[in-house]
Amino acid sequence: MPRRVDPLDRVRSLCLALPDVNERPSHGAPTFFIRDKTTFVMFQDDHHGDGRLALWCAAPPGVQQELVETESDRFFRPPYVGHRGWLGVRLDGRVDWDEVADLCEDAYRAVAPAKLVARLDVAR
């Protein structure tokens, strides 16, 4: 039987692989920052009793609305940051980790300084 990977460990490895990213708690949740300043992903486990294991991530304009409308069983508008276009991604069902990796990279690209995005492009 395959070993189950801890979702936080998986998200952590995806985020920390990006340039100049660090992790520290923010508002009681593991949170990923660019240069210890700009948040791009938050890991939430039963936030205020909502029953969800999820990540909240920055998203390019229009992505939140499209995904929430077309796949509301997997995506949602998170509290506090949803009004800024952030996307909630459920991690408590079947998870497509390649998709989560893409969403984390998209979140990074949405808020990172241009020089860091260029550095990421060179690395890819």
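The values are calculated or read from the model by the stated rules, or taken from the named source; none is laboratory data. Every value quoted in this text rests on a predicted model; they were computed, and no experiment measured them. Positions of Cβ are backbone-derived with ideal geometry, glycine not excepted, and every protein chain shown enters the neighbour counts. Side chains included, ligands, DNA and RNA excluded: accessible areas come from the protein's heavy atoms. Shrake-Rupley method; radii C 1.70, N 1.55, O 1.52, S 1.80 Å.
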Revision key, fill the gap. Counting only residues 5 or more apart in sequence or on a different chain, those whose built amide H sits under 5 Å from that of L53 are D46, L91, D92
Revision key, fill the gap. Classified through the alpha carbon gyration tensor (a ≥ b ≥ c as square roots of its eigenvalues; rounded if a/c is under 1.5, else prolate when a/b is larger than b/c, else oblate), the range 15-65 comes out oblate
Exercise for review: May I ask you to compute the full-extension gain from L16 to V68, defined as 0.36 nm times their residue separation minus their alpha-carbon distance, rounded to one decimal in nm?
Suggested key: 16.1 nm
Study note, to complete from the structure: The answer for chymotrypsin sites (Phe, Trp or Tyr not before Pro) in the range 51-124 that fall in a DSSP coil and have at most 14 neighbouring Cβ atoms within 10 Å is Y80
Check your understanding: Of G49, G28, G85, which is the most mobile in a GNM of the chain whose springs link Cα atoms less than 10 angstrom apart?
Key -> G49
**Study point:** Exposure rank, largest accessible area first [T31, T70, T39; 1.4 Å]
**Key:** T70, T39, T31
Review point. Expressed as a rounded percentage, what relative contact order does the chain have, with Cα pairs under 8 Å and six or more residues apart?
Key: 22 percent
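For the range 12-56, with only Lys/Arg (+1) and Asp/Glu (-1) charged at the beta-carbon, what is the dipole magnitude about the Cα centre, in debye rounded to 20?
Dipole size: approximately 140 debye.
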Study note, to complete from the structure: The farthest towards the positive end of the charge dipole of the chain, of the residues L67, V122, L53, given +1 on Cβ of Lys and Arg and -1 on Cβ of Asp and Glu, is V122
Revision key, fill the gap. In the chain, whole DSSP H helices that both stretch 24 Å or further along their axis by alpha carbon positions and average at least 0.5 on the Kyte-Doolittle scale are none
Review point. Using the scaling law 2.2 N^0.38 Å as the reference, what is the normalised Cα Rg of the chain?
Key: 1.01
Review point. In nm, to one decimal, how far is the modelled label at S26 from the one at A101, with both set 7 Å along Cα→Cβ?
Key: 2.5 nm
Exercise for review: At 0.36 nm per residue, minus the direct Cα-Cα distance, what do K37 and L8 gain on full extension? Give it in nm, one decimal, please.
Suggested key: 8.4 nm
